[in-house]
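The values are calculated or read from the model by the stated rules, or taken from the named source; none is laboratory data. In this text, all values refer to a predicted model and were calculated from it rather than measured experimentally. Because the Cβ atoms are built from the backbone with ideal geometry, glycine has one as well, and the counts that use them run over all protein chains shown. Calculation scope for accessible area: heavy atoms of the full protein, side chains included, ligands and nucleic acids excluded. Shrake-Rupley method; radii C 1.70, N 1.55, O 1.52, S 1.80 Å.
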Amino acid sequence: MSFDFPFEMIREGAAKLVVPKLDAFKKAPWEYAPSKAPVFYNPVMKLNRDIAILAIQAFQIKIGKELSIAEPLAGCGVRGIRFAMEIDGVRHVYLNDINPVAFKMARHNVEINGLSKRVSLFNEDANLFMSRYAAPRKRFDCIDIDPFGSPVPFLDSAVRALRDGGLLALTATDMAPLCGVHPKAAFRKYGGFPLRTEYCHEIAVRLLIGALVMAAAKHEIGVQILFSHKSNHYIRVYASLFHGAEKADHSISKMGYILHCFNCFHRQIYPRIAPLTIEKCSECGFTLKAAGPLWIGRLADRAFCNRVEQEANSNRVELDRQARKMLSLIREESTAPATYFVIDKICDKLGLPSPPMEKVMESLVEKGFKVWPTHFNTRGIRTTAPANVVIKSIKQLV
């Protein structure tokens, strides 16, 4: 099959694929080639797809049954084709894209990988596609939504098309709104306000989960967060959805606000979504700023993290050392308190040189506090110590 634009054959994982030749669509160095091509394909998202394979395999082992998987925004089909080829226990994969050229390319890729009997293709609007599978006996075991931008426009259809106990995977790449550059846009999409703090990427994940919780609650569906991460220019969340008004209420009970002091780094959790009266900082008297309403529960389930790491250690996909370290950090910080401190940010404000992070962690442990590194920032730490103790430890070290 030929296409009337530059394309090339590549390999990713076990799949061989025809994809747009991205260099041909990039007229200036700053242009984002994937969005210029006739069919969307982003090689940078390979890590996203690799971890998706590990997470879905871990989920398949957890529930012990064959999976039907849907990808409503399939592009050239790379993600869904890899799911069919690299995950054990996949019964059928459903690929959809509204772009007729993408549909044509995905169909070709399905054929050259010999998957025509196990992969079905659709060429329609993503929400319409998922709505066709909203009836109880037609729902999917797993839905992976990986859009160019926000997944919020697809949440309502996705929660209706996912079976009770199914797995929903979401990517968000609109980091400017989520990290507080465009707070009004974040509120429109996600129903909560961000803050431009040093831990804004964690706030971004919590806003995305919060939007999912509220979308699911409308249908009396609760949310269990299994895994989440921030990588490169995007955030990613994996959640199991369970039917029942009580489960929905339980999820809503884990919504709230994060209050932050931009003067002294103090932060606190406000565990309610009732009307919020902004308080003065208990440490320095400055007015606190609020992020939310958002998810204030766990960002990962430790047992599920263990399963994902086991799959990574089985060499199901090729992960570099940095990716494996990320999985380990996510597992370790899964039980840590919300928000983290960035050592360099504190030192910049205090006009101090930055001490080694390990020394700061050792100092806090010696004072009787628990400490964890975080995958969100290589110079970030989570700790049970309050901000004033963290600052005191840094001052003592330098």
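Quick notes
- Taking every lysine pair in the range 134-257 that is 8 or more places apart or spans two chains, those with Cα atoms closer than 26 Å amount to 12.
- Global geometry of the range 106-181, whether rounded, prolate or oblate, following the gyration tensor of its Cα atoms and the 1.5 cut on a/c: oblate
- The aspartates and glutamates within cross-link reach of LYS104, meaning a Cα-to-Cα straight distance under 14 Å and a gap of 8 or more places when in the same chain, are ASP4, GLU124.
- Checking every one of the chymotrypsin sites (Phe, Trp or Tyr not before Pro) in the range 102-183 against DSSP loop status and a limit of 16 other Cβ atoms within 10 Å picks out PHE148.
- Using a cutoff of 8 angstrom between alpha carbon atoms and counting only pairs six or more residues apart, the relative contact order for the range 1-151 works out to 22 percent.
- Enclosing the Cα atoms of the chain in their convex hull gives a volume equal to 148 cubic angstrom per residue.
- Highest to lowest packing among 76-83, 252-259, scored as the average C-beta count within 10 Å: 76-83, 252-259
- Shown here for the range 6-39: GluC sites (Glu not before Pro) in loop regions (DSSP other than H, G, I, E, B) with at most 16 other Cβ atoms within 10 Å, namely GLU31.
- Nearest-ten-degree value, helix 302-313 long axis tilted from longest Cα axis of the chain: 50 degrees
- Accessible area of the chain belonging to carbon and sulfur atoms, whole % at 1.4 Å probe: 52 percent
- Dividing the alpha-carbon radius of gyration of the range 1-157 by the rule-of-thumb value 2.2 N^0.38 Å gives 1.02.
- Within the shell of other residues whose beta carbon sits under 14 angstrom from the beta carbon of ILE343, the net charge comes to +2, with Lys and Arg scored +1 and Asp and Glu -1.
- Once the mean of 1/r is taken over each pair of separate Cα atoms and inverted, the range 305-366 shows a Kirkwood hydrodynamic radius of 14.2 Å.
- The value of relative contact order for the range 205-278, using C-alpha pairs under 8 Å at least six residues apart, is 25 percent.
- Pairs spanning more than 21 Å between alpha-carbon atoms, out of LYS289/LYS349; LYS65/LYS117; LYS16/LYS117; LYS349/LYS392: none are present.
- Once C-alpha pairs closer than 8 Å and six or more residues apart are averaged by separation and normalised to the residue number of the chain, the relative contact order reads 11 percent.
- Residue-normalised accessible area of the chain, given per residue in Å² at a 1.4 Å probe: 43 Å²
- D (Stokes-Einstein, µm²/s), Kirkwood Cα radius, the range 76-140, 1.002 mPa s at 20 °C: 175 µm²/s
- If you take all other residues with their beta carbon under 11 Å from the beta carbon of ALA291, and give Lys and Arg +1 and Asp and Glu -1, the sum is +3.
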